[in-house]
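> I'd like to ask you about the structure that follows.
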Amino acid sequence: MLKVGLTGGIGAGKSEVSRLLVSYGAVLIDADRIAREVVEPGTPGLAAVVAAFGDGVLTGDGTLDRPKLGSIVFADPERLATLNAIVHPLVGARSAELESAAGPGDVVIHDVPLLTENGLASLYDLVVVVDASPETQLDRLVRLRGMAGAEAKARMAAQATRADRLEIADLVIDNDGPLDALEPQVREVWDELTRRTADRA
């Protein structure tokens, strides 16, 4: 098994890369998706979040009000640390469970948005970074996701710098151009990952 950390800044196109890798045969463990699962209604994770932040972070139907919680934690580093202390161990445990179900010859892609920020590179056999210029990221967030420019810039500023991400990269996928330029690069990375997996067998 080859454990690969996949990361990239917001708007860099990481989800498209992970989709392509899955289509080639990778096993995907998506940290964002797991982070949502561990705070679904009825979970110990949601109970812990409500205990820490109050009933005000719930919607009328008892699900987590993500925008409301986001407005609280992104304005206060201590509150963000509190949330992370609840969610990260749950995500880690679920990720390990999913990884243990993969086969010995599998390429396991851990899609981790905050891999750089949380110093997680050492957990993986190698790290793949999806790279795009800040100008491209901003354009995609505003044009494709409908974010206000100020919000997009704030979200980008809250993440690691481009230089920090590239520093931990073993392989880099340049996604500054059009979509049709992306697939050949991802296929090349996939060939390298499968070669390395075979070498470990």
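> Order Phe74, Phe53 by their accessible area, 1.4 angstrom probe, all chains in place, largest first.
From most exposed to least exposed: Phe74, Phe53.
> Okay, helix-only estimate at 222 nm for the chain: each DSSP H run of n ≥ 4 adds -39500 (n - 2.57), divide by all residues, round to 500 deg cm²/dmol; what do you get?
-16000 deg cm²/dmol
> In what order, largest first, do Ile86, Ile29 sit by accessible area if the probe radius is 1.4 Å?
So, going from the largest accessible area down, we get Ile86, Ile29.
> Please report, as a whole percent, how much of the solvent-accessible surface of the chain comes from carbon and sulfur atoms (probe radius 1.4 Å).
54 percent
> As a test question: what accessible area, to the nearest 10 Å², does Lys153 have when a 1.4 Å probe is rolled over all protein chains in place?
Estimated to the nearest 10 Å², Lys153 gives 120 Å².
> Using a probe radius of 1.4 Å on heavy atoms only, what accessible surface per residue do you get for the stretch 1-107? Whole Å² is fine.
Dividing the accessible area of the stretch 1-107 by its residue count gives 49 Å².
> Just read off the accessible area of Ser100 with the full protein assembly in place, 1.4 Å probe, to the nearest 10 Å².
Its accessible surface works out to 90 Å², give or take rounding.
> Pairs of Cα atoms under 8 Å, at least six residues apart: use those to get the relative contact order of the chain, whole percent.
About 37 percent, as a whole number.
> In addition: Using the Kyte-Doolittle scale, which helices in the chain average at least 0.0 and also have C-alpha atoms spread 30 Å or more along the helix axis, with helices defined as whole DSSP H runs?
Going by DSSP H runs, the hits are 77-100.
> Using a 1.4 Å probe and counting only protein heavy atoms, arrange Glu188, Glu40 so the residue with the most accessible area comes first.
Glu188, Glu40
> May I pose another question? For the stretch 1-99, what relative contact order do you get, as a whole percent, if you take Cα pairs closer than 8 Å and at least 6 residues apart?
Answer for the stretch 1-99 is 27 percent.
> R0 = 45 Å: FRET efficiency of Lys68 with Ser122, Cβ-based, nearest 0.05?
0.85
> In the set [x] 0.98; [y] 1.01; [z] 1.13, which value of Rg/Rh (Cα atoms, Kirkwood Rh) was calculated from the structure you see?
[x]
> Along the three principal axes, how long is the stretch 34-124 when you take its alpha carbons, biggest first, rounded to the nearest angstrom?
For the stretch 34-124, the Cα spread along each principal axis is 46, 27, 17 Å.
> Mind jotting down the distance between the C-alpha centroids of the stretch 69-139 and the stretch 145-174, whole Å?
That distance is 14 Å.
The values are calculated or read from the model by the stated rules, or taken from the named source; none is laboratory data. Please read all numbers here as calculations on a predicted model, not as lab measurements. Using ideal geometry, Cβ is built from the backbone for each residue, glycine included, and neighbour counts are taken over all protein chains shown. Quick note on the areas: whole protein, heavy atoms, side chains included, nothing else; ligands and nucleic acids left out. Shrake-Rupley method; radii C 1.70, N 1.55, O 1.52, S 1.80 Å.
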